[in-house]
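Participant: Please read through the structure below; I'll follow up with questions.
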Amino acid sequence: MSFQSFPSHVKLVDVGPRDGLQNEKSPVPAAVKIELVQRLQDAGLREIEVTSFVSPKWVPQMADNAQVMAGIARKPGVRYSVLTPNLQGFEAAISAPRPLWPDEIVVFGAASEAFSQRNINCSIAESMERFRPVVAAARDKGIYVRGAISCTVGCPYEGDIAPERVELVARLMKDIGVQHVGVADTIGVGTPLKVQRAMEAALRHYDLNDVSGHFHDTYGQALANTLACLEMGVWQFDTSVAGLGGCPYAKGATGNVATEDVVYLLHGMGIDTGIDLDKLIDAGQFISDFLGRKPNSRAATALLNQRKN
């Protein structure tokens, strides 16, 4: 019997401090966000999405972005990324002294016209023109540019999304100089074959080393979708400690796939991540305790219960 060959190493980008916390109703102090980043890097995470430089009018939770970036004790070999949806946000991200700049910025477009209009108030084509000067400015400064394509398999307004839409956005992102593209199932409706088709569409314009998966677990499919992409050779994924986050546009969305669950899966398959699962679980417990709820991770729950026995 032959078995599928999987990547020997997988890189995880923990988006908990940014994507995970941005929709929390109660303010999370900068000190808590800084502590979370510290705990994640101490657990072995080498890619952390820290904050976003957006108008506090729209995302008040991220109003302390500069304070958080300034407060992190940076570790060599760790890449710190921030979301900068427009030139104003990018300029704010680099307004501090250079040692406090992000190593990477993220711009985000959608494979759904309706979602683009509802989320960032412009068409897909208009969003790319908005990103073009941001990408150019970042690359001119030597800052890496990652792009996220949201709603690649389903949209709360349009329903199913054809792979051709994903290919279009990937091509547009490539055209404006985006170096890496993430294929996101923003509302968590994807199943393995649908996700593979969306990933294949992005791979028509990006190398296998320049794509990643970003899966929400609304219908419990995120680990299956991760495995489906591993089968394709994809070795980079976004995850969120303690399963923090959710999509405000999808009723009942349960958030990003938990980093702990993905690490448990990968380690069980003999795939290296460089992450200490016990320390990661402690980081998830820390932020969950602050938020007053249990970690939204099956692996963390099981292993925490074992510690009690």
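Participant: Which residue is modelled with the highest pLDDT, if the candidates are limited to the range 148-159 and must be assigned to a strand (DSSP E or B) and more than 17 Å from the chain's Cα centre (by Cα)?
Facilitator: It comes out as 154.
Participant: Separate question: Show the residue pairs that are 6+ apart or on different chains and have beta-carbon atoms under 6 Å apart, the first residue being within the range 255-272 and closer than 24 Å to residue 23 by Cα, the second being of a type in the set (Asp, Glu).
Facilitator: Partner pairs satisfying both residue conditions: 257/217; 259/14.
Participant: Considering the range 16-50 alone, what residues qualify as being in a helix (DSSP H, G or I), surrounded by 21 or more Cβ atoms within 10 Å (Cβ to Cβ) and touching a residue at least 60 places away in the same chain (Cβ under 8 Å)?
Facilitator: 16, 18, 19, 20, 36, 40
Participant: Under 8 Å by Cβ, and 6 or more places apart or on different chains, what pairs join a residue from the range 131-147 that is within 19 Å of residue 214 (Cβ to Cβ) and assigned to a strand (DSSP E or B) with one that is modelled with pLDDT of 95 or more and among the basic types (Lys, Arg)?
Facilitator: From the range 131-147, the pairs are 144/79; 145/139.
Participant: Failed condition for residue 78, given (1) within 19 Å of residue 145 (Cβ to Cβ); (2) surrounded by 22 or more Cβ atoms within 10 Å (Cβ to Cβ); (3) free of Cβ contacts under 8 Å to residues at least 40 places away in the same chain, with all others met?
Facilitator: (2)
Participant: Looking at the range 142-152 only, could you name the residues that are out of contact with any Lys or Arg (no Cβ under 9 Å at 6 or more places or on another chain) and surrounded by fewer than 20 Cβ atoms within 10 Å (Cβ to Cβ)?
Facilitator: Within the range 142-152, 142 is the sole residue that qualifies.
Participant: Here is a list of conditions, (1) in a helix (DSSP H, G or I); (2) free of Cβ contacts under 8 Å to residues at least 24 places away in the same chain; (3) of a type outside the set (Gly, Ala, Ser), and residue 122 meets all of them except one; can you say which number that is?
Facilitator: Going through (1) in a helix (DSSP H, G or I); (2) free of Cβ contacts under 8 Å to residues at least 24 places away in the same chain; (3) of a type outside the set (Gly, Ala, Ser) one by one, residue 122 breaks only (1).
Participant: Still on this structure, I have one more. Quick check: anything in the range 291-304 surrounded by 15 or more Cβ atoms within 10 Å (Cβ to Cβ), modelled with pLDDT of 95 or more, charged (D, E, K, R) and under 21 Å from the mean Cα position of the chain (by Cα)?
Facilitator: Yes: the range 291-304 contains one or more residues that are surrounded by 15 or more Cβ atoms within 10 Å (Cβ to Cβ), modelled with pLDDT of 95 or more, charged (D, E, K, R) and under 21 Å from the mean Cα position of the chain (by Cα).
Participant: Quick check: anything in the range 160-171 assigned to a helix (DSSP H, G or I), in contact (Cβ under 8 Å) with a residue 24 or more places away in the chain, β-branched (Val, Ile, Thr) and closer than 17 Å to residue 88 by Cβ?
Facilitator: no
Participant: Report yes if some residue within the range 153-175 is within 24 Å of residue 18 (Cα to Cα) and surrounded by fewer than 17 Cβ atoms within 10 Å (Cβ to Cβ); otherwise report no.
Facilitator: There is no residue in the range 153-175 that is within 24 Å of residue 18 (Cα to Cα) and surrounded by fewer than 17 Cβ atoms within 10 Å (Cβ to Cβ).
Participant: While we're looking at this one, here's another question. What are the residue pairs meeting all of these: first residue in the range 218-246, first residue more than 18 Å from residue 151 (Cα to Cα), second residue among the hydroxyl-bearing types (Ser, Thr, Tyr) and assigned to a loop (DSSP other than H, G, I, E, B), Cβ atoms under 8 Å, and 6 or more apart or on different chains?
Facilitator: Final answer for the pair search is 242/297; 243/254; 243/297.
Participant: With the condition kept exactly as written, say whether any residue in the range 256-268 is of a type in the set (Asp, Glu), over 20 Å from residue 225 (Cβ atoms) and either modelled with pLDDT under 95 or surrounded by 15 or more Cβ atoms within 10 Å (Cβ to Cβ) (or both).
Facilitator: no
Participant: Kindly indicate whether residue 156 is in contact with a Leu (Cβ under 8 Å, 6 or more places away or on another chain) and not polar (S, T, N, Q). Outline the logic, then answer.
Facilitator: On the way: in contact with a Leu (Cβ under 8 Å, 6 or more places away or on another chain): no; not polar (S, T, N, Q): yes.
Spelling it out, it is not the case that residue 156 is in contact with a Leu (Cβ under 8 Å, 6 or more places away or on another chain) and not polar (S, T, N, Q).
Participant: Among the helices (runs of 4 or more DSSP H) confined wholly to the range 203-309, which include 3 or more residues that are among the β-branched types (Val, Ile, Thr), under 25 Å from residue 169 (Cα atoms) and touching a strand residue (DSSP E or B) at 6+ places or on another chain (Cβ under 7 Å)?
Facilitator: Output list is empty.
The values are calculated or read from the model by the stated rules, or taken from the named source; none is laboratory data. On a predicted model such as this, the values are computed, not experimentally measured, just so you know. Neighbour counts are summed over all protein chains in view; Cβ atoms, including those assigned to glycine, are modelled from backbone coordinates with ideal geometry.
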